[in-house]
Amino acid sequence: MNTLFDHLRAVGKEKIRAIRLQAEAEVQGFREEKEAALAEERKRCQLQGQQSLMEHGRGLMTEAEEKAWLRQSEAETQLADRLYELAKKELPLLREQCGSRLLETCAKELPQAKWQKLRVHESEVGLARTLFPETEIEGDDTISGGLVAESADGRIMVINTLEKRLERSWPRILPEFLRTLRKEKANVAS
């Protein structure tokens, strides 16, 4: 009986050892599976973090570009306003350089009508009276050059002054000014 008992004990120990080995192998397999899954998760998180970082960086770049564009726009607007004011200040000099030709040219551009009232720069009142002898002539120092004509019934007013010409042509003149300034800036930088 002892041998049977010893034999059963030996078989039992062998089964326990086999079960233990199988359990350890399963634990090792489970451990490796979980470590692989953890490594994959770390890799996924790292990629996700990099993508988030890149997206955040793109957002910051877009924001910076928008702010730079806005500041440049504001600066160009201020520059345009300043250039316009400087151009307006030069209009009296233009009138002086043109002499009587400016008022004569503006008078020729008027449509045929009975003009009751004409406003011109104070220095051109005499010339205006010779060009429009039957019209009421008024001196106006706010007009740098040219004229403002009003019909007898007051329904028609023609503003043909240097100020109005500058105002109308400014949208075409300004881009050329800015192009010239950019070229000069690029030449200075290089």
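Things worth noting here:
- Any hit, the stretch 90-98, residues being touching a strand residue (DSSP E or B) at 6+ places or on another chain (Cβ under 6 Å) and surrounded by 15 or more Cβ atoms within 10 Å (Cβ to Cβ): no
- Listing of helices (runs of 4 or more DSSP H) fully contained in the stretch 89-190 that carry 2 or more residues being at pLDDT 95 or above and closer than 30 Å to Glu76 by Cβ: 162-189
- Residues being in contact with a helix residue (DSSP H, G or I) (Cβ under 9 Å, 6 or more places away or on another chain) and either surrounded by 20 or more Cβ atoms within 10 Å (Cβ to Cβ) or not small (Gly, Ala, Ser) (or both) - total across the stretch 120-152: 20
- Condition met for Ala75 (among the hydrophobic types (A, V, I, L, M, F, W, C), on the phi < 0 side of the Ramachandran plot and surrounded by fewer than 12 Cβ atoms within 10 Å (Cβ to Cβ)): yes
The values are calculated or read from the model by the stated rules, or taken from the named source; none is laboratory data. Note that the structure is predicted; figures quoted are calculated from it, not measured. Reconstructed Cβ throughout: ideal geometry from the backbone, glycine too, with neighbour counts over all protein chains shown.
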